[in-house]
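Data block below; observations after.
Quick note: the coordinates plus some simple rules give every number you see, no bench work behind them. Keep in mind it's a predicted model, so treat the numbers as computed, not measured. Backbone-built Cβ (ideal geometry, glycine too); neighbour counts: all protein chains shown.
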Amino acid sequence: MAHINLLPWREELRAQQTKEFSQSALIAAMFAGAVFFLIYTQMNGFVDNQNRRNNVLNTEISKLDTELNEIKDLETTKSKLLARMDIIQSLQQKRPQIVHIFDEIVRTVPEGITLVSLEQKADELIIKGLAESNGRVSAYMRNIDASEWMANPRLEYIETKQKSFRNAEFVLKVNQSAPDQKAGES
């Protein structure tokens with residue numbers, strides 16, 4: 001006779017397989033959850049670390065920006081001070097120039113010329129005077145041209161007057177110069 005097993009072995013097998021599958025799924029889910037949690041915490045750690053680095057960099061950048069602004073202010077102050085120093089230096093160099101100009105005026109005035117007025121506008125001298133003749137004015141212009149401290153004499157006008165022995169009134173414009181300036185120009 002055939003051996004028939006009437007016990008529900010298939011249902012027990014199915015129940016056991018379902019139980020094993022549930023346990024495997026639960027273990028896999030717990031493993032996946034643990035892996036996800038580790039990855040999540042690791043990523044959060046990376047993000048937090050990067051945020052801290054960004055904050056440090058931002059504070060350093062703001063410090064450097066303030067230092068750059070201070071440097072720009074210092075450079076502006078430096079350029080202003082250098083400009084002032086240049087002005088002071090040029091004034092210091094020109095200070096003895098007026099003494100030399102007066103000395104040259106005395107040396108260049110030929111006999112027969114009387115100076116009436118002397119006016120200075122920037123680096124230009126305006127000389128007004130009386131001359132016995134036009135030739136004396138020409139000699140005066142040649143003397144000025146040969147001078148180290150005066151250059152480029154220009155006769156603005158000469159007017160003859162018959163009322164006195166000095167019969168020519170003239171106006172000359174002369175540029176001031178220094179001996180080193182003339183050497184640099186030629």
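For this structure, a couple of remarks:
- From the C-alpha gyration tensor of the range 97-185, square roots of 5λ in Å: 24, 12, 11
- Over the chain, Cα pairs under 8 Å with separation of 6+ residues give a relative contact order of 14 percent.
- Counted residue by residue at 0.36 nm each, then reduced by the alpha carbon distance between them, the extension gain from F102 to Y40 reaches 13.1 nm.
- When each of the peptides 59-70, 92-103 is scored by the mean number of other C-beta atoms lying within 10 Å of its residues, the order from highest to lowest reads 92-103, 59-70.
- Treating r as the C-beta distance of E20 and V47 and R0 as 45 Å, the FRET efficiency rounds to 0.70.
- Charge dipole (the chain, unit charges on Cβ, about Cα centre) - positive-most of I144, A32, V116: V116
- Rounded to 0.05, the FRET efficiency of the D145 and E75 pair, given R0 = 35 Å and the Cβ-Cβ distance, is 0.15.
- Violating pairs (Cα-Cα greater than 21 angstrom) within the set K128/K161; K94/K121; K121/K161; K80/K121: K121/K161; K80/K121
- Estimated translational D of the chain in µm²/s (Stokes, Kirkwood radius over Cα pairs; 25 °C; 0.890 mPa s): 93
- Debye, to nearest 20: dipole size of the chain, +1 on Lys, Arg Cβ, -1 on Asp, Glu Cβ: 200
- Qualifying chymotrypsin sites (Phe, Trp or Tyr not before Pro) for the range 124-175 [loop in DSSP, other Cβ within 10 Å: at most 11]: F165
- Segment L57-A32, extension gain: residue separation times 0.36 nm, minus the distance between their alpha carbons: 5.3 nm
- Debye, to nearest 20: dipole size of the range 89-144, +1 on Lys, Arg Cβ, -1 on Asp, Glu Cβ: 100
- Surrounding net charge for F46, when Lys and Arg each add one and Asp and Glu each subtract one, Cβ distance under 13 Å: +1
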